[in-house]
Amino acid sequence: MVTSGCVPTQPLVTAASCASQRRILLTEKNTMQPSPVIRRTELTCPAHSLKMMAKAAASAADEVILDLEDACAVSQKVAARQTLIEALRTLDFGSKVVAIRPNGIHTSYHYRDLIEVVEAAGQQIQVVVLPKVERADDVLFVDRLLTQIEQHCGLEVGRIRLEVLIESARAVLDAERIAACSPRMASLIFGLADYAGDIGARSADDQWSAFHYPKHKMLIAARAAGIDAIDNVTFAFRDAEQCRRDAERAAQLGFDGKWVIHPSQIPIVNAAFLPTAPELERAQRIISAYERADAEAGLGAIVVDDEMIDAASLRVEAKKLAVARRAGMIV
């Protein structure tokens, strides 16, 4: 038996293969695997300022990106590595995803950024955010360098994930290959300002009409590779209404989160990427119905509200529950 309103279909898979599927699903009770990582807000802050990194660590952002690239002046870049290491070793980031952004791989800073910081504080780093990536080979270079550092330091190989900024015409054209090139890949992030400069746009203000194509192409590339997609920052950080509109548009289109540059943007963006009460109720009902149908009848697909529900559907619903759980909406 299944819950009212759920009509079981003929099994699409055998009981054995269905059981195998269950082991890889993210369920409401979180009994199979850890909840998916939530990236509603990715807050970037300069790595040369311990004070600002401490504020970021105490913020409500889902991910904090400690930045050696654009947020650090050239005169500060080398010294900022040690400040960043101190922050990683001493600050309490709670349950946040902790990321660093080194300088681009085409600069003379990049390899020392990675080697010095990861060797000194690799256990505290979950993600490396790569700027100015042009093609998949750029990502593979960093993947291999990280592997060598991990092996040298006795760190778990592959634990540090990669998020890649798509911020040039070349990167947009190669987005599919970039997204799928390494098992370390965790997300693609659209970098509006650099992209606008790269293509010669006169303004980046009208981002949704003028830049819909590269945003959507990047989103599709991320989805095809099974990784997250993060929208660009709203630069007018004091304009709360603009930030809200941008975040809601991004969530509606399918992005997982949004880059933020000021703590005041965090609650606005976090709220925009929360599921609504009806969405949350439906997600809980679908996952409960699927688990019951699987356990009692060995079904790999069911019908809920005249919609076919299978393992792929559950990933979407589980993500909603994980976001809600992280926000304290459910226990």
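The values are calculated or read from the model by the stated rules, or taken from the named source; none is laboratory data. Worth saying up front: this structure is predicted, and the values here are computed from it rather than measured. For neighbour counting, all protein chains shown are included, and Cβ atoms are generated from backbone atoms with ideal geometry for every residue, glycine included.
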Restricting the stretch 277-319 to residues that are at pLDDT 80 or above and of a type in the set (S, T, N, Q), which is nearest to residue 252 (Cα to Cα)? 284
Total residues in the stretch 41-88, condition of a type in the set (Val, Ile, Thr), surrounded by fewer than 23 Cβ atoms within 10 Å (Cβ to Cβ) and more than 15 Å from residue 117 (Cβ to Cβ): 1
Out of the strands (runs of 3 or more DSSP E) lying entirely within the stretch 237-331, which hold 1 or more residues that are acidic (Asp, Glu) and in contact (Cβ under 8 Å) with a residue 12 or more places away in the chain? none
Please go through the stretch 139-153 and pick out each residue that is under 23 Å from the mean Cα position of the chain (by Cα) and of a type in the set (A, V, I, L, M, F, W, C). 139, 140, 141, 142, 145, 146
Tell me which of these residue 205 doesn't satisfy, since it passes every other one: (1) at pLDDT 95 or above; (2) over 27 Å from residue 102 (Cβ atoms); (3) surrounded by fewer than 16 Cβ atoms within 10 Å (Cβ to Cβ). (1)
What number of residues within the stretch 222-233 satisfy the criterion of being surrounded by fewer than 22 Cβ atoms within 10 Å (Cβ to Cβ) and either assigned to a helix (DSSP H, G or I) or polar (S, T, N, Q) (or both)? 3
For residue 155, the lone unmet condition from (1) among the hydrophobic types (A, V, I, L, M, F, W, C); (2) out of contact with any Gly (no Cβ under 7 Å at 6 or more places or on another chain); (3) surrounded by fewer than 20 Cβ atoms within 10 Å (Cβ to Cβ) is (2)
Got a sec? Which helices (runs of 4 or more DSSP H) wholly within the stretch 123-214 have at least 3 residues that are of a type outside the set (Lys, Arg) and not assigned by TED's automatic domain parsing to the domain that holds residue 229? none
